[in-house]
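A short worksheet on the structure shown next.
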Amino acid sequence: MQWLQALPILISVVLGIGLTILQPGERKVRNAYIMGSVMLTAGLSFAAIIAAGMADTAPACTLVRFSSEFSISLRIDGCSMVYGAIVSALWPLITLYSLDYMSHEGHESRFFGFWIASFGVVLGIAFAEDFLTLYLFYELLTLVTLPLVMHFMDEKARYAGRKYVVYSLAGAAFAFIGIVFLLRYGTTLDFTYGGVLDLAKAAGNETTLWAVFVLTFFGFGVKAAIFPFGAWLPDASVAPTPVSALLHAVAVVKAGAFAVLRLIYFGFGTDFLRGSWAQYAVMTAAILTIIYGAARALRTPHLKRRLAFSTVSNLSYILFSLTLMTPAGLVGALAHMVYHAVVKITMFCCAGSIIQKSGREYIYEFEGLGRRMPVVFGTFTVSAFALIGVPPLGGFVGKWMICTAAVLSEDPWAYFGIGALILSTLLTTLYMMTIFVRAWFPVGTVDHEALSKIHDPGPAMTIPLMVLAAAGIVLALFSAPLIEFLQAVSLNTL
Amino acid sequence: MLLLPILLPIFGGVFVFREREEKTRNRLTLGLTVMTAVAAGILCALPEQSLRLMTIEGSLYLALQSDSLGKFFMVLISGIWLPVAVFAEPYLRHGGKGQQFQGFYTMTMGMLMGLALADNFVTLYMFFELMTLLTAPLVLHGGTPAARRAGLKYLGYSVFGAGMALAGYFFLSHFLTDQSFTGGGALNLPLAAAHRPLLLIVFLVMTIGFGAKAGMMPMQAWLPTAHPVAPAPASAVLSGVITKGGVLAIIRVTYYLFGAEFLRGSWAQYALIALALCTVFTGSMLALKEKSLKKRLAYSTVSQVSYVLFGLLLLSPGGVRGALLQMTFHALAKDTLFLAAGAIIVATNFTHVDQLAGIGKRMPRTMVCFSGAALSIIGIPPMSGFISKWYLASAALNFEVRALGYLGVAMLILSALMTAGYLLPIVVRGFFPGRDVLVERREVGPRMTAPMLVMSIAVLVLGLFPNGLQAWISTLLPQIF
């Protein structure tokens, strides 16, 4: 039974490697193989999540045991379920989208091989039971997604890839320091709600441990693009759009946030950290990133880069909520993780369709595009409203939960975070409105001849778009059960 | 039933967008507006109702109710929206792109109805934001770079203002006994008394935030930018009704969440009164110096809506009475002025005050309406504006802090003088241009003059017979306090 948890991870890695070896020549066969593997992995992953949800205490699944302290083992808990479910729900949809999108880009077998393998690795991060496993999959994720970022293999892509690897590996190295200290001062490396630190051992060394925590936070924070280590993310937007959509809006960046979640709530423990200067240091960094990301987004005319900066800002909503170090903060972070994932992935897919169908990448080229691509810009507009935070759409619920948590924490420093969130709402409105206002309400003379050749993409692209947009709305409208579930997760009463 | 006036224009608006045939579209827009107004009217006749739409978490839920303030507001919206819709048809033929305008125009009405019917802050915030987002295309309508800048400025100010209010609410919600709007306030008083300084800051922030929409300083700058570039019907409703959306939100926050009792005599109240008075003065001052007609009217709105806020912030029944009267009369009169400005643009393309010499001979009907409305804005009896200003002044005289009350009255009188200074010359030079000016008669058609006439007659009639409205407000007041 507990092997079910390992199954999706192993199978998808094997299937991914299989694709790069087999290299099926026939397009139909390859597409069937890809869709089949992704669906199989997603199905298994959901099965594992549901099985874990049914069981009272999900048993751990140990893959490799090095010693009594070190092992590679998996166990699905509440947080794993949330992150695993987001990833497993979105991966098949985006695969459907990218089969069409990537059909003209070349080297599909290599691309989709790594694509399938990285699905498994992300699930590994989600299902990891202890810091060592998390670390292993975390490093693997960097390596397995690198070929996806560098797919085009031109000058820009290679530069972006190098930057991505250097940032991520360096960040992971910092994180490793933290894991060593956790081993030294903790009772176990397994994730334990409330922290693993042995307070007797830690007594007297608080300052060192806080410093180590800050290092580790920034180390994991690199993937979550925290200021000043987020520079790789906008550059990585040279990757093919499905990669930007799935990895740079959901899987990779949220893996960073997820690792921070594990670190704070299941590693050092909130009791140890709350009220320390370390908490204020990381909270300040998150607040600064919220504003920095949004301000840079406003000043970036390239659509995908703008979305990337918007991701930087929104990820720090999540990090800010995590640094509140209260159960309510955890709820806010998980809620925003869910809603932001759905919304941002939709927007990136729209961006991909725009770039592919019109060849225009800069927003000042979008004058009048709305009427030519109504589905794409329609879904984009709805998602933009959600991102801005117009109730009752998703972004608002996330923001609401975060701000409520910030108020409840009764920490005056967190009040600045609320201010930052409101300021970011304003900036989000401006950087989103300038995109679709141009598209719907063109100014000046519009080149109708050039526009007349542009139209909505085919159903393989528009269906995922509409499903995603609809999912975002439905998820937000019926978010009561989700929030209840997250609250149970945050109190570890699952 | 509660959903009807909200959903009708929203879904109807979709059809307005899709309808390319102009005549059908005009009929559809008018029909929808009338139907919404009727639905709102029926709702007003029915006893108070409430409806829980959805619950997400704890205090995060959407709910509607039709209390008497909401009803009052719905009638006001319907009364303005209809004539302006009639006016908009020929105006848009002149300007083009009617589909887009009428679609958004219709949908905005639904949002305003929702704003009036909102039962808690979250619902109010939702409709407030949607109203902002849907009215932005009305400002953007011109399709010029200036229009786009103005539209974004409008969005920025409104969204940031609403965001400030939302930030305040995060704090406030923990001190409320009841998340839904309750006349007299919903604060948990013993708990709130312990955190009074914090709550007063929250009140200040929320009021300034919503005040952005109502054109209160320090966030009034969007008004004079947005109005000149928007088409005249859009400026009319922006000035007449949308700014009142901000006022409504402030009423809800002040009287239905905090409660007058808690706020009375606090520094936050005095600070906000001072801000409102500053706005009254500065708005009039800037209007006096402004030469572009629509911009002058926009500054006038800045000044006049702050009369309303001043009345509200006095936190006395007399002040609220004056404020509600001023809100109604200003909406009617200012809309007439903006429509007249639009008619002048259609007939002559004049936008500047200096060009308007002799305009009264060219467009007598328009200018008669303009004059009537101008007199009301200044506050000359028997026009209705006089009555509202009378109540405001008498409420100010009864204010607990004498100095501030007298200052308020002085400001009102000063501002009235300045208002006369910036509106009367237009009228006087329009009708008596001197001998040298040659004029030919170029009146606009009846579809444009009729709405202006109706509204200016309403301004006069309500001034002569204010008893009905007065009685209605009298039944409303006990529910607010």
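The values are calculated or read from the model by the stated rules, or taken from the named source; none is laboratory data. Values in this document were obtained by computation on a predicted structure and should not be read as measured data. FYI the Cβ positions are ideal-geometry reconstructions off the backbone, even for glycines, and counts take in every protein chain you see.
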Within the bounds of the stretch A:266-283, is there any residue that is within 26 Å of residue A:190 (Cβ to Cβ), modelled with pLDDT of 85 or more and under 13 Å from the mean Cα position of the chain (by Cα)?
no
Condition check for residue A:370: touching a residue at least 12 places away in the same chain (Cβ under 8 Å), in contact with a Pro (Cβ under 9 Å, 6 or more places away or on another chain) and facing another protein chain (nearest Cβ under 8 Å):
no
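If I filter the stretch A:170-183 for residues that are without any contact (Cβ under 8 Å) to a residue 12 or more places away in the chain and farther than 22 Å from residue A:311 by Cα, do I get at least one hit?
yes
Which residue, of B:385, B:358, B:379, is crowded, with 24+ Cβ neighbours inside 10 Å, on the phi > 0 side of the Ramachandran plot and not β-branched (Val, Ile, Thr)? Write out each step before concluding.
Values: B:385 fails: on the phi > 0 side of the Ramachandran plot; B:358 fails: crowded, with 24+ Cβ neighbours inside 10 Å.
Matching residue, one of B:385, B:358, B:379: B:379.
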Here are some residues: A:88, A:98, A:80, A:109. Which one is of a type outside the set (A, V, I, L, M) and more than 23 Å from the chain's Cα centre (by Cα)?
A:109
Hey, residue A:130 under 25 Å from residue A:13 (Cα atoms) and of a type in the set (D, E, K, R) or not
yes
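Collect the residues in the stretch B:165-191 that are among the hydrophobic types (A, V, I, L, M, F, W, C) and facing chain A (nearest Cβ under 9 Å), keeping them in residue-number order.
B:166, B:167, B:170, B:171
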I'd like to check something: does the stretch B:192-199 contain any residue that is more than 9 Å from chain A (Cβ to nearest Cβ), within 26 Å of the chain's Cα centre (by Cα), at pLDDT 85 or above and more than 27 Å from residue B:116 (Cβ to Cβ)?
no
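Is it the case that residue B:162 is closer than 30 Å to residue B:281 by Cβ, without any contact (Cβ under 8 Å) to a residue 60 or more places away in the chain, within 20 Å of the chain's Cα centre (by Cα) and at the interface with chain A (Cβ under 10 Å from one of its Cβ atoms)?
Taking the combined requirement at face value, the residue satisfies it.
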Report those helices (runs of 4 or more DSSP H) wholly inside the stretch B:39-155 carrying at least 2 residues which are in contact with an Asp or Glu (Cβ under 9 Å, 6 or more places away or on another chain) and more than 10 Å from every other protein chain (Cβ to nearest Cβ).
B:68-95, B:98-117
Considering residues that are among the aliphatic types (A, V, I, L, M), at the interface with another protein chain (Cβ under 7 Å from one of its Cβ atoms) and over 30 Å from residue A:483 (Cβ atoms), the number found within the stretch A:398-454 is 2
Scan the stretch B:370-378 and tell me whether some residue there is within 26 Å of residue B:344 (Cβ to Cβ), outside any helix (DSSP H, G or I) and either basic (Lys, Arg) or within 19 Å of the chain's Cα centre (by Cα) (or both).
no
Could you list, in sequence order, the residues of the stretch A:196-224 that are outside any helix (DSSP H, G or I), touching a residue at least 40 places away in the same chain (Cβ under 8 Å) and in contact with a strand residue (DSSP E or B) (Cβ under 8 Å, 6 or more places away or on another chain)?
A:196, A:197
Positions within the stretch B:17-29 being in a helix (DSSP H, G or I) and either under 14 Å from residue B:110 (Cα atoms) or not hydrophobic (A, V, I, L, M, F, W, C) (or both), in sequence order:
B:18, B:22, B:23, B:24, B:25, B:26, B:27, B:29
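Yes/no per residue for (1) among the charged types (D, E, K, R); (2) in contact (Cβ under 8 Å) with a residue 24 or more places away in the chain:
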{"position": "A:381", "(1), (2)": "no, yes"}
{"position": "A:386", "(1), (2)": "no, yes"}
{"position": "A:419", "(1), (2)": "no, no"}
{"position": "A:422", "(1), (2)": "no, no"}
{"position": "A:425", "(1), (2)": "no, yes"}
{"position": "A:429", "(1), (2)": "no, yes"}
{"position": "A:432", "(1), (2)": "no, yes"}
{"position": "A:449", "(1), (2)": "yes, no"}
{"position": "A:452", "(1), (2)": "no, yes"}
